[in-house]
1. If you go through the stretch 54-63 one residue at a time, do you hit one that is of a type in the set (Asp, Glu) and under 26 Å from ASN98 (Cα atoms)?
2. Which of (1) surrounded by fewer than 16 Cβ atoms within 10 Å (Cβ to Cβ); (2) in contact with a helix residue (DSSP H, G or I) (Cβ under 9 Å, 6 or more places away or on another chain) does GLU75 not meet, given it meets every other one?
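What follows is calculated from the coordinates using simple rules that are stated; it is not laboratory data. Small disclaimer: the values here were computed from a predicted structure and weren't measured. Ideal geometry is used to build each Cβ from the backbone, glycine not excepted, and the neighbour counts take in all protein chains shown.
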Amino acid sequence: MPLIEWKFEYDTGIRHIDIQHQKLVGITNRLHDAMQNGEGYNILETISQELIEYTIQHFSQEEKLMKIFEYPHIEEHIKQHKMLTDELSKIHEGIKQNKLPLAPLKMKEFLLAWITKHIIETDLHYVAFVGKEENTPVTRNLIDNFKEE
């Protein structure tokens, strides 16, 4: 049984960002399922590496979108991305060096906080800002065609 079910209220309305967020929920659920089956440690390094790669790509996409729309709180949002990246790097290094007690639980807590605090609260603020402009044809086209690079 998944730990987190994707809900409509998590949607940003930006298809590629929503797909990326759903991927993070999927990673979290994979870790949770493995932990439920006593396999948390076995997949932790794989999940950790996957999250490092995901984070680089995802944060780059979000920051690009914020720049396009001149989001006024971009610097604060980028700082939050850096804090998340730094925390993930610490967890990743602890896992690689086998120096992180209760590593699966720490990773799961980190992911839950990321989803509940950053995605559901912080990301939806910049999306609301972008949404104010979305009725213009140019903005709608930008959002509809915003693609991963």
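1. Kept after step one, since they are of a type in the set (Asp, Glu), are these residues of the stretch 54-63: 62-63.
With under 26 Å from ASN98 (Cα atoms) added as a condition, the list becomes none.
Within the stretch 54-63, none of the residues are of a type in the set (Asp, Glu) and under 26 Å from ASN98 (Cα atoms).
2. Of (1) surrounded by fewer than 16 Cβ atoms within 10 Å (Cβ to Cβ); (2) in contact with a helix residue (DSSP H, G or I) (Cβ under 9 Å, 6 or more places away or on another chain), only one is false for GLU75: (2).
Here's the yes/no breakdown for (1) surrounded by 13 or more Cβ atoms within 10 Å (Cβ to Cβ); (2) over 12 Å from TYR126 (Cα atoms):
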site	(1), (2)
GLU39	yes, yes
ILE43	yes, yes
GLN49	yes, yes
PHE59	yes, yes
LYS67	no, no
TYR71	yes, no
LYS79	no, yes
LYS82	no, yes
GLU87	yes, yes
